[in-house]
Amino acid sequence: MNETVQPTQPPVIVKKYANRRLYNTETSSYITLENLAEMVRNNRDFTVFDAKNGEDITRSVLTQIIVEEEGKGNALLPTNFLRQLIGVYGTDMPGRMSNFLEQAMANFMRQQETMRETVSKTFAPFMPPGMEDMGRKNMEMMERAMNLFTPFYREGGEGPPRQEEVLDYQKEIASLRAEVERLQASLEAAKTKDK
């Protein structure tokens with residue numbers, strides 16, 4: 001069997017001029033940081049070059065996009081995390097840290113997508129009114145539980161979680177598991193009843 005692999009789109013080449021304007025060579029038009037942010041959200045790769053010297057400045061432009069988003073009130077990066085991140089720059093850790101952060105974010109995104117798909121497939125046919133609120137609350141509880149695995153940030157404090165917090169999270173996780181098992185049993189009972 002001969003399988004053909006689809007080639008991926010080459011990255012869009014963007015040139016940044018001294019007047020801070022960004023030029024998209026694919027569309028032959030000037031664009032903004034917001035346009036680049038939208039390209040990222042749409043999984044469209046791009047590379048930004050300094051128009052004067054040809055230097056690849058993609059990292060600094062991506063950092064500018066983050067600063068813009070944070071400035072709009074879309075605060076994603078907690079203050080303590082930013083302080084800790086800045087502290088790493090003066091050490092021998094940046095190389096290892098960047099790999100760790102990249103892997104952690106990739107794992108988080110995969111887990112989020114898997115969870116969304118599972119919830120959607122499992123509960124979509126049986127969603128009575130009010131289930132959205134319960135789903136939102138469960139998602140908040142899962143996000144709090146995810147903080148156990150985030151080594152840099154804990155809301156309202158520094159350092160690792162206290163033993164009491166760990167126990168609280170473990171109780172929440174056990175409660176969620178019990179709820180999932182109960183819902184699965186209900187679904188199985190409903191399937192059996194329909195047959």
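The values are calculated or read from the model by the stated rules, or taken from the named source; none is laboratory data. A quick note: this is a predicted structure, and the numbers were derived from the prediction, not measured. Glycine gets a Cβ as well: all are built from the backbone with ideal geometry, and neighbour counts include every protein chain shown. Remember, those area values only see protein heavy atoms, side chains included, never the ligands or the DNA or RNA. Shrake-Rupley method; radii C 1.70, N 1.55, O 1.52, S 1.80 Å.
Considering only residues of segment 69-106 that are open to solvent by 70 Å² or more (accessible area, probe 1.4 Å) and within 17 Å of the chain's Cα centre (by Cα), which is nearest to Leu187 (Cα to Cα)?
Result: Met105.
Determine the pairs where a residue that is within 18 Å of Ile66 (Cβ to Cβ), located within segment 78-101, has a partner that is open to solvent by less than 80 Å² (accessible area, probe 1.4 Å) and of a type in the set (Val, Ile, Thr) with Cβ atoms under 8 Å apart, the partner being 6 or more residues away or on another chain.
Filtered contacts from segment 78-101: Pro94/Val88; Met97/Val88.
State which residue pairs qualify: first residue under 17 Å from Asn24 (Cβ atoms) and inside segment 51-62, second residue loosely packed, with under 12 Cβ neighbours inside 10 Å and not charged (D, E, K, R) in any location, beta carbons under 8 Å apart, and separation of 6 or more residues or different chains.
Listed pairs, sorted by first residue: Ala51/Ala18.
Looking only at segment 23-38, which residues are under 15 Å from Thr63 (Cα atoms) and open to solvent by less than 40 Å² (accessible area, probe 1.4 Å)? Let's see the steps before the verdict.
Let us first name the residues in segment 23-38 that are under 15 Å from Thr63 (Cα atoms), namely 32-38.
Selection gives Leu33, Leu36, Ala37.
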